Ligand code: NAX
């Protein structure tokens, strides 16, 4: 039998946490034969709710779940974890300045970085979900210098999956037959959902999405804004932000990172830029990646047309600005 993997979920008493922890305990994240021990962290005002989630995990009698740690102590939460899913953060409240929200999250991610660095298992893989996801991940990287930078990522898989969903609906094809969309850049409304290399499996072989959609005007405008604005559309409809889709995509992110992407398929992940595609090095930026043996690699050599270039640069500019704002909060 496999040794249990310890998975940390921060902000576990929140709404994404509530959708995410049962998925992890059912094997959605790490596979149906991988036992897990859940570490759940939240802050003291949420301690009672967190304990309620723990009670429900016990009540669900998940065969793969070998233990639950529910705590408000960051060190206890981080000790020995192999995977860290960082969902906890400070939400932007009405009337709050961007700088104030950034400052709160910088201090959270700074201290949680130190706790992970000191207490997590060697080679712990981290995905930051909490917004501003890319910049929180960058802060985490800065303050956990002994964690390899390749182990620190942020979630843009939800945006990636939203793009697959939009193409599937438009063409009336199975979402599992659509692949290789790309989310470039920030997990924000400046992200660039790119279909220039995306394909659909058809009885006549793989066909480019552009060839099947036959409507470049839609692909270059409405499709892009629909994906960019999908989070806001969910809030408007549900009066709450995306939770089940966010949780599901966080499982996809870790699943593919650990277990690999299928041959010929890539996914989008926010990773530390090495300057690929002329994206400034030193930002956490969403790229197309393939994964093998627990490591991601940026897909190289894709053609970037002029339209795309502008969009890659625009979202990079926003991330550089966020980075500067985050650093200004440190002093
Ligand atoms: P909730 O407000 O329901 O839950 C957040 C939880 O984090 C709360 O229980 C809170 O007590 C806890 N928390 C706050 N500070 C903490 C700290 N220092 N340590 C540990 N826990 C802490 O928000 P929810 O809807 O679950 O969303 C969580 C985060 O995900 C938000 O930042 C949200 O903006 C972000 N999202 C990111 C997405 C992505 O694709 N990257 C999509 C969904 C979501 O909007």
Of the residues in the stretch 54-81, those that are within 10 Å of the ligand (Cβ to nearest atom) and surrounded by 22 or more Cβ atoms within 10 Å (Cβ to Cβ) come to 77
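With the structure loaded, tell me whether residue 22 is within 11 Å of the ligand (Cβ to nearest atom) and surrounded by fewer than 23 Cβ atoms within 10 Å (Cβ to Cβ) or whether it fails that test.
no
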Could you please let me know if residue 311 is touching a residue at least 12 places away in the same chain (Cβ under 8 Å) and outside any loop (DSSP other than H, G, I, E, B)?
yes
Can you name every residue in the stretch 142-173 that is touching a strand residue (DSSP E or B) at 6+ places or on another chain (Cβ under 8 Å) and away from the ligand (no atom under 16 Å from the Cβ)?
147, 149, 150, 151, 167, 168, 171, 173
Here's a check for you: in the stretch 1-10, which residue that is buried (at least 18 other Cβ atoms within 10 Å of the Cβ) and more than 11 Å from the ligand (Cβ to nearest atom) is nearest to residue 238 (Cα to Cα)?
7
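Please verify whether residue 278 is more than 22 Å from residue 318 (Cβ to Cβ) and more than 19 Å from the chain's Cα centre (by Cα), treating the condition exactly as stated.
No: the conditions fail for residue 278.
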Looking only at the stretch 285-306, decide whether some residue is closer than 25 Å to residue 136 by Cβ, part of a strand (DSSP E or B) and without any contact (Cβ under 8 Å) to a residue 24 or more places away in the chain.
yes
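On the given criteria, is residue 13 near the ligand (Cβ under 8 Å from one of its atoms), in contact with a strand residue (DSSP E or B) (Cβ under 8 Å, 6 or more places away or on another chain) and not in a helix (DSSP H, G or I)?
yes
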Among the residues of the stretch 75-95, are any more than 19 Å from residue 11 (Cα to Cα) and either touching a residue at least 60 places away in the same chain (Cβ under 8 Å) or in contact with a helix residue (DSSP H, G or I) (Cβ under 8 Å, 6 or more places away or on another chain) (or both)?
no
Go through (1) closer than 21 Å to residue 295 by Cβ; (2) touching a strand residue (DSSP E or B) at 6+ places or on another chain (Cβ under 6 Å); (3) surrounded by fewer than 22 Cβ atoms within 10 Å (Cβ to Cβ) for residue 84 and report which single condition fails.
(3)
Would you confirm, using the coordinates I've provided, whether residue 16 is at pLDDT 95 or above and touching a helix residue (DSSP H, G or I) at 6+ places or on another chain (Cβ under 7 Å)?
yes
Evaluate the stretch 233-244: report whether one residue or more is in contact (Cβ under 8 Å) with a residue 40 or more places away in the chain, closer than 16 Å to residue 168 by Cα and surrounded by 16 or more Cβ atoms within 10 Å (Cβ to Cβ).
no
Within the stretch 145-172, considering residues that are over 15 Å from residue 252 (Cβ atoms), free of Cβ contacts under 8 Å to residues at least 60 places away in the same chain and in contact with a helix residue (DSSP H, G or I) (Cβ under 8 Å, 6 or more places away or on another chain), the one surrounded by the fewest Cβ atoms within 10 Å (Cβ to Cβ):
146
Among the residues of the stretch 173-189, which ones are closer than 23 Å to residue 243 by Cβ and in contact (Cβ under 8 Å) with a residue 40 or more places away in the chain?
181, 183, 186, 187, 188, 189
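The values are calculated or read from the model by the stated rules, or taken from the named source; none is laboratory data. Note that the coordinates shown come from a computational prediction; the quantities given were computed from them, not determined experimentally. Cβ coordinates were reconstructed from backbone atoms using ideal geometry, including for glycine residues, and neighbour counts include every protein chain displayed.
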